[in-house]
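Step one of this worksheet: look at the structure below.
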Amino acid sequence: MSDTVVRPVDDSTWGDLETVFGTRGDAAGCWCQWFKVPGRQRDELSVEDAHDRLHDQVRAGSPGVLAWVDGDPAGWSAVEPYSAYPNLARSPITRRQEGDPADPWAVTCFVVRLDYRRRGLARELLRGAVEHARTQGGTVIEGYPVDPEVRPSLTSAERYHGTVSLFRDGGFEVVRRPSATRAIMRLAL
């Protein structure tokens, strides 16, 4: 990949994050609130409110990392402690089980602008997410990827969690398979 920089998002880079999310598609409607806002409230949340919530979260801390390619905003990965995502505990896929770390860092999604897909940017974002968790004192990080080897027909929209091969290449190991197409993968920092 050309000159790629990945670093935690902050209020000074908010405009670049807006560029990555864009105005169309899944990311433009979600603004990384899927795992943060309970179902009924999320269903009533306007796009503007989701946008404003993420902006407030960015101002309060860094809920993820942003990537630039040759100076252009190109991608995003959400990464925070598990406890920042209340809906993870509600999901049968991601809820804690006996022996799981109580509050690992969690990589919940990737957004890569169309022009930058299939160029290895998700790998750079995952490396940046791991480094961000490490510098914030995280000792364990996990992801909840899909497995296109099991179901090749997964759309780009369904791959926002990342893929098993992406996390495996990043040093993560599968700790369990809650479904045929999903894995819980973990890395000790």
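The values are calculated or read from the model by the stated rules, or taken from the named source; none is laboratory data. Treat the numbers as computed from the prediction; the structure is a model and nothing was measured. No Cβ is skipped: glycine too gets one built from the backbone with ideal geometry, and neighbour counts run over all protein chains shown. Remember, those area values only see protein heavy atoms, side chains included, never the ligands or the DNA or RNA. Shrake-Rupley method; radii C 1.70, N 1.55, O 1.52, S 1.80 Å.
The figures follow:
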{"item": "Criterion: farther than 21 Å from Glu158 by Cβ and touching a helix residue (DSSP H, G or I) at 6+ places or on another chain (Cβ under 6 Å) - qualifying residue of Asp11, Asp49", "result": "Asp11"}
{"item": "Enumeration of residues in region 72-87 that are among the aromatic types (Phe, Trp, Tyr) and surrounded by fewer than 24 Cβ atoms within 10 Å (Cβ to Cβ)", "result": "Tyr82, Tyr85"}
{"item": "Among the candidates Arg177, Arg168, Arg134, residue that is closer than 15 Å to Trp105 by Cα, of a type outside the set (Ser, Thr, Tyr) and modelled with pLDDT of 95 or more", "result": "Arg134"}
{"item": "Residue among Trp68, Trp34 that alone is open to solvent by 10 Å² or more (accessible area, probe 1.4 Å), part of a loop (DSSP other than H, G, I, E, B) and touching a residue at least 60 places away in the same chain (Cβ under 8 Å)", "result": "Trp34"}
{"item": "Boolean, His55 is farther than 18 Å from Ile141 by Cα, at pLDDT below 95, not in a strand (DSSP E or B) and not charged (D, E, K, R)", "result": "no"}
{"item": "Residue within region 44-51 that is under 18 Å from the mean Cα position of the chain (by Cα), part of a loop (DSSP other than H, G, I, E, B), at pLDDT below 95 and hydroxyl-bearing (Ser, Thr, Tyr) present", "result": "no"}
{"item": "Strands (runs of 3 or more DSSP E) contained entirely in region 128-189, each with at least 3 residues that are farther than 20 Å from Val112 by Cβ and among the hydrophobic types (A, V, I, L, M, F, W, C)", "result": "182-188"}
{"item": "Qualifying positions in region 2-31 - under 18 Å from Arg59 (Cβ atoms) and open to solvent by less than 20 Å² (accessible area, probe 1.4 Å)", "result": "Val9, Thr13, Trp14, Leu17, Val20, Phe21, Trp31"}
